[in-house]
Each structure stands twice: as structure tokens, then as C-alpha cells.
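What follows is a short report on a single structure.
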Amino acid sequence: MHACGPGRVPSGAARRAAAPLFAAAATTFVAALVSAPSLGAGRLAPVPPVLAQAPAPARPAPAPATAPPASPLQVKAGQLPTSLPSPSAAPNPVVEAIHDRIDALRTDATEVEAGGDRLRATRSLPLLYQMNGFQPLWDSRRLRSLVELLQDIEDDGLRPSDYHLAALQRLIGAGGTLAPLERATLDLLASDAYTLILYHLYFGKVDPVSLDSRWNFELREIGEADAVKFVFDAITQDRVRGSVDRVRPDHWMYAAGRQALAAYRGIAALGGWPQLPPGPTLKPGMRDARVPLLRERLATTGDLAAIALPPNAGAPPPTSPERARTATSVEATPDPELFDASLEAAVRHFQQRHRIGVDGAIGPATLRELNVPVQARIDQIRLNLERGRWVLHEVRKDGDLVIVDIAGFGVRFVRDQKTIWETRAQVGKPYRQTPIFKSAIDHVVLNPTWTVPPTILDKDILPAVRKDRGYLARRGLQVIDRNGRPVPSSSIDFSRYSGRNFPYMIRQAAGDDNALGKVKIMFPNPYLVYLHDTPSQSLFEADLRAFSSGCIRTERPFELVELLLGDPARWNRAALDAAVATGVTRTVRLPKPVPVLILYWTVDRDDDGSIVFKPDPYGRDARELAALDRPFEVGRRVVL
């Protein structure tokens, strides 16, 4: 029997109910967007009211043909202008071309392109250029900063090709030979690319709702006018790179992901790691021709060096394949084919950071993880950086935080960025997945009763009762009405009802056999999901622990309760045990709500700095990576 499971998909109002428990999101940047649904491929969003009410400035009259002004583009070949024309300068064809393209963005219902690339920031570009009097925004210095930024955006797992890099480089390469229309195109592409980067770092490139309709992280509030001004100021005040640092998630988990990506890209650039041939299980003490290759493989990812470090020294970085071969040469290893104690320790370190059974031997599961190509690991890191952009803006860096790690089958209590307690967990089965969401733990219940949630009632309990009328009694389950009064099960024709129209509730009394164990840890959410104790303790011994109907069965839950209550004088372990021994159901409020994040995170960092790769129990990585690598689509989010 499973303790709990997600109910029906909640309404937007229900999802918003838990939102006030979290602090306001980062306010340094709100992308140049407004809350509006996508109009679909090939359509632009309607003109915002502010544009409809504030007509664009009248176009300047053309200068007399007999005395044309000197164009700012009349510079030496191969150079772009080092300064921008001032708003008071005489009209020029570049301004005219920009104005024409902005008019197209405002009025044309088809896709608008520049230099062969589709412009994406169709809502913000008109506002941005109206603020600048339709003058160009990008001079050579700013363009140089932008190109450097685009080349470095790979450090965040994003692809420069998504931000017009090729078109920008082509136009910049033409320098002073650009015609006015090309100069306008260059400026618009640069503004579009920069707006997209800010948007993707703040919101993520992929709309998570397009991947999971139950995604409940609320959209961060945005203000269009302030957002466009942020972009405008970043460009005109020459803070192109600095402003990007302000919108990137400022969180240690994200920083760790960027460091991991750089390390593994470094390995890839030098040839990756060797593949270990199949064969019988390699065990400590054996001699085998594959052992030198194994040693080289573990040296490449730093596992071999890690075992020589003192406690708390931090994990060594991955090394180059060349250095790995040198470190594991015959000269460095007198008996290279011997699976010795140092190699066993390195294997255990590798197994620990890949969340597989730690036994020091190279069986099928360990061999499979060893032979995952470096590019696959790079993509796994890139994907998890995207997941970080979805959620980490809303997570405070300091203070207490509970993280439910679905893919890692664990629960962690983090204080000031340091894990001070962790345990194993059982999460939802692949067909009853634990949802991804945030909330704040506000109370615990000792000796809880269990009211069967709708999903389990419909899928498990009612079918079992129809087959066997004695099922409820054997499980200690009782039928009650909406006022809590018992209803004889013999008086009910269970064949008439489904989980949706069942007029009663089914409840299990507190006790040793209760599906929730002795304690449940509660936080507001519309999915009927929480952390709880369980009588199914033996299932914690499995490596892959997707056994529940959605809730998080937590090993050693009373240790977590002590940390949450934070009152050792009143609520130490002895006091909790005494309260449980009474058998009385009791609710205890936390002195202060503690944020809880329920995340699907297949790359992580151990406290020693080691890069951790986890299984993908719900099979999400491939689909989400494919979405990350597709061209950007707004989806159901706010639009640019």
C-alpha cells in the first residue's frame, strides 16, 4: 500500500496558493517581456498598449539633396564607427532603416527577419529603439563585448548559434563597407541577441510547462518598462557583460554546474577518456590486461587523485588524458595489471559520485557508467544548468533549505550552502511520478492518520475492495463520511463508484502499520505530496528507490524533524519519542517555515566538490535535452 499520491492536476489558483511562502524573485533583471500567451508559429504578439497609446516619434525630414550630411558609416574599410550618432545628429539612412524594420515588427503579422535570422524579441525591440530615438545602439566597442559574450555563453551550456553569432560575425567582418540597411540589420541582430541571452539566463531557454503540464513554479513577475530600461541601460552604459552576471542564477549549485561543464569540456578537447572493454567482473586483487586502462580512466576524471587527499581537502579537478596516461604509466605503477588497494579506493569514489552500489568492483553497472562518452556527460551538465535557470533564482543562498533529490533518491538539509544532514528516500514510481515543485515546510504531525488520496483510491483501493470485501479490515482501513463518522463498508456498493464520485473517505488510524509511519512532514501544495516515515524500511536498501505513489518516504525522519523544529530544549529526540509513545495524533508547528525544493537534478556536487552524476529514473533527460537544443520557442510563457 502506498501512503500518498498526486491528486488531480490543480488549477492555476490552487498552484498560486503556495507561492506567497517564497520570497520575491531576483529583482535586478526582469526580461523585456509581458505576460501573454504565444500566438503560435508565424505570428507576432499584438502591440502592447503602451505602444498603441504612445505613437512613435515622427520621422525626421530628409536632408536637402544638395548638402547631404556626413554619414557615421563613412569610415575606413574594415572599421565600424567607434561612437554612435547623437540624437541631435542629422537624419541618416541607418536610422531610416531601423525605423522601417521596427514598423514591420509593430504591424506585420508574419515573421520578421534580419540578415536571414528571425528576430525573436518582437515585443521589446520597438520599445528599446523608441527609447533611443531609433538611433543605432551598438558601436564597435559594444559589439566586441557582445561577441565575446556570445562565445562565452557556452560556459552556461547554451549555444552561441542561437544568438545570431554567425550573422553578426559576417556583418562585423564587413566593417565600414556595410550599406545602411546592413548596418541597421547588424544593430537589430545585436539587440535581439542580447535580449535573448538575458531572457534565457533569467528564465531558461526551454519553457518547463511545455515539458510538464504540472510544473508549479510560478512565473516570476516582470515589468515591461523596467525590463526594457534594464536592457537599454546595459547597452548604453557599456555594461553588456556585467549585466549578464546580474541575471545569471546567483547560487552555488549553478556555479558548481558551470565549473563541472568547463572541466568536462576540457577533457573532451583533449580526446576524452578510454573505453573499458567488456569482460568478467574486475575485483580487487585480480590481475587483468584491462586494469591499466581502468587506472587511466579513473585518473582522467580525478577519482584516482581524490583518494590521496586528506579529509575535507576538496575533490581534485579532472585531468587531461595525456597527464592521466603519464600518471598511470609503468614507471608510476610498478605492477600496472594489478587491481590494488589504491585502484579499489578510486573505483569506490567513482561509484559514490555516480550513485551506484559501492563495492569497489567493476560489474555491469559500473562498467556502463565508466563507458558513458564524455560528450554525453557534457550534455547532462548542460541540461542541469538549464534546470537551474528554471528554479534557482527563487532559492535563497543562505539559511536553511530542504532539498528532495528525486533522481538521487535522497533528502538533504542544507544550512548556509552546506549539507549538514542527508538520508535515503523512496520517491514516486515512473507512472506515479513525484512532481517537481517548491513550497515551505510549516508543520509536522506525530502519529498521523492517513486519508487515502484520490489517485490511490481510484487506482488501488476501490479495485481491491471490489475483488475482496475483507481488504479494508485487513489493512486497518475505515470508511467515514465527510463529518468523520464511521460508515459500515457492508452498506456500500463499491461497484457503483470511482475515485471521482466516491461519497466517502477511507482513513487508516495511527499506529505501527500506518502507511505514513510515525510522522509526516507537511508543506502546502496541491498535489497531496509530503515527506513521511514508512513501515517499508527494507526498500531503502535498493539502489533505485522509485516505489511510492508520489510522496517522499524518508529514512530517519525524526532526525530531520529535530532540525526543522530547531528547539533542542523542548523538542529533542527523547521528547519526540515520548510524544509518539502516547499514540495521540499531534500537530507541531515550526517556529519558522523552511523552504523545500523537490527537484529532478541528474548532476550535482558533493560537499567535497566532486561532480555527481545520477540515474534518470523518469527518463526525462533525453526529451529535455532535445528541447534545449531546438530553436527557441516562447511556448506558454511570457513573450519577448
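The number of residues in the range 237-264 being charged (D, E, K, R) and within 13 Å of residue 158 (Cβ to Cβ) comes to 2. Check the range 452-459 and report whether any residue there is modelled with pLDDT of 90 or more, exposed (fewer than 11 other Cβ atoms within 10 Å of the Cβ), on the phi < 0 side of the Ramachandran plot and not aromatic (Phe, Trp, Tyr). The answer is no, given that none of the residues of the range 452-459 is modelled with pLDDT of 90 or more, exposed (fewer than 11 other Cβ atoms within 10 Å of the Cβ), on the phi < 0 side of the Ramachandran plot and not aromatic (Phe, Trp, Tyr). The residue that is nearest to residue 227 (Cα to Cα), among those in the range 110-132 that are in contact (Cβ under 8 Å) with a residue 12 or more places away in the chain and basic (Lys, Arg), is 123.
Please determine whether any residue of the range 594-615 is among the polar types (S, T, N, Q), more than 23 Å from the chain's Cα centre (by Cα) and over 25 Å from residue 435 (Cβ atoms). Scanning the range 594-615, I find no residue that is among the polar types (S, T, N, Q), more than 23 Å from the chain's Cα centre (by Cα) and over 25 Å from residue 435 (Cβ atoms), so the answer is no.
Just to be sure, is residue 159 touching a residue at least 40 places away in the same chain (Cβ under 8 Å) and of a type in the set (Lys, Arg)? When the stated conditions are applied, residue 159 passes them.
Those helices (runs of 4 or more DSSP H) of the range 110-218 in which 2 or more residues are open to solvent by less than 10 Å² (accessible area, probe 1.4 Å) and farther than 30 Å from residue 265 by Cα occupy 124-131, 180-203. Counting only residues that are among the basic types (Lys, Arg) and at pLDDT 90 or above, the range 606-638 holds 4 of them.
Close contacts from the range 580-597, counting a first residue that is within 13 Å of residue 523 (Cα to Cα) and a second that is among the hydroxyl-bearing types (Ser, Thr, Tyr), with Cβ to Cβ under 9 Å and a gap of 6+ residues or different chains, come to 593/439; 595/439; 596/439; 597/439.
Where strands (runs of 3 or more DSSP E) fall wholly inside the range 583-622, the ranges with 1 or more residues that are acidic (Asp, Glu) and surrounded by 21 or more Cβ atoms within 10 Å (Cβ to Cβ) are 603-605. When each of 338, 367 is tested for being open to solvent by 30 Å² or more (accessible area, probe 1.4 Å), over 32 Å from the mean Cα position of the chain (by Cα) and modelled with pLDDT of 95 or more, the lone residue that passes is 338.
If the requirement is being open to solvent by less than 40 Å² (accessible area, probe 1.4 Å), over 30 Å from residue 457 (Cα atoms) and not acidic (Asp, Glu), which of these qualifies: 563, 628?
628 is the lone residue from the list that is open to solvent by less than 40 Å² (accessible area, probe 1.4 Å), over 30 Å from residue 457 (Cα atoms) and not acidic (Asp, Glu).
For the range 336-363, enumerate the residues that are under 20 Å from residue 289 (Cα atoms) and either among the aromatic types (Phe, Trp, Tyr) or free of Cβ contacts under 8 Å to residues at least 12 places away in the same chain (or both). Passing the criteria: only 339.
Do you know which of the residues in the range 370-398 that are among the acidic types (Asp, Glu) and modelled with pLDDT under 95 is most open to solvent (accessible area, probe 1.4 Å)? Checking each candidate, the answer is 398. For the range 480-518, taking the residues that are part of a loop (DSSP other than H, G, I, E, B) and among the polar types (S, T, N, Q), the one that is nearest to residue 556 (Cα to Cα) is identified as 514. Scanning the range 418-436 for residues that are farther than 24 Å from residue 558 by Cα and of a type in the set (Lys, Arg), we see that the one that is surrounded by the fewest Cβ atoms within 10 Å (Cβ to Cβ) is 429.
Checked against the criteria, residue 246 does not count as in a helix (DSSP H, G or I), over 13 Å from residue 198 (Cβ atoms) and of a type in the set (Lys, Arg). Picking from residues in the range 318-335 that are surrounded by fewer than 16 Cβ atoms within 10 Å (Cβ to Cβ) and not hydrophobic (A, V, I, L, M, F, W, C), the one that is modelled with the highest pLDDT is 335.
Is it the case, given these coordinates, that residue 289 is surrounded by fewer than 21 Cβ atoms within 10 Å (Cβ to Cβ) and either assigned to a helix (DSSP H, G or I) or touching a helix residue (DSSP H, G or I) at 6+ places or on another chain (Cβ under 6 Å) (or both)? Answer is no for this residue.
Taken as a whole, the structure places residue 406 among residues that are at pLDDT 95 or above and either touching a His at 6+ places or on another chain (Cβ under 9 Å) or crowded, with 22+ Cβ neighbours inside 10 Å (or both).
For the range 540-558, the set of residues classified as surrounded by fewer than 16 Cβ atoms within 10 Å (Cβ to Cβ) and more than 23 Å from the chain's Cα centre (by Cα) consists of 541, 542, 543, 556, listed by residue number. Open to solvent by 40 Å² or more (accessible area, probe 1.4 Å), assigned to a loop (DSSP other than H, G, I, E, B), without any contact (Cβ under 8 Å) to a residue 12 or more places away in the chain and not aliphatic (A, V, I, L, M), is that true of residue 568? For residue 568, the condition - open to solvent by 40 Å² or more (accessible area, probe 1.4 Å), assigned to a loop (DSSP other than H, G, I, E, B), without any contact (Cβ under 8 Å) to a residue 12 or more places away in the chain and not aliphatic (A, V, I, L, M) - is met.
Cβ-Cβ contacts under 9 Å between residues 6 or more apart (or on different chains), taken from a first residue in the range 85-109 that is modelled with pLDDT of 90 or more to a second residue that is acidic (Asp, Glu) and open to solvent by 50 Å² or more (accessible area, probe 1.4 Å), are listed as 97/182.
The values are calculated or read from the model by the stated rules, or taken from the named source; none is laboratory data. Remember, it's a predicted structure, so these values are computed and weren't measured experimentally. Positions of Cβ are backbone-derived with ideal geometry, glycine not excepted, and every protein chain shown enters the neighbour counts. Please note that ligands, DNA and RNA were not included when accessible areas were found on the heavy atoms of the full protein model with its side chains. Shrake-Rupley method; radii C 1.70, N 1.55, O 1.52, S 1.80 Å.
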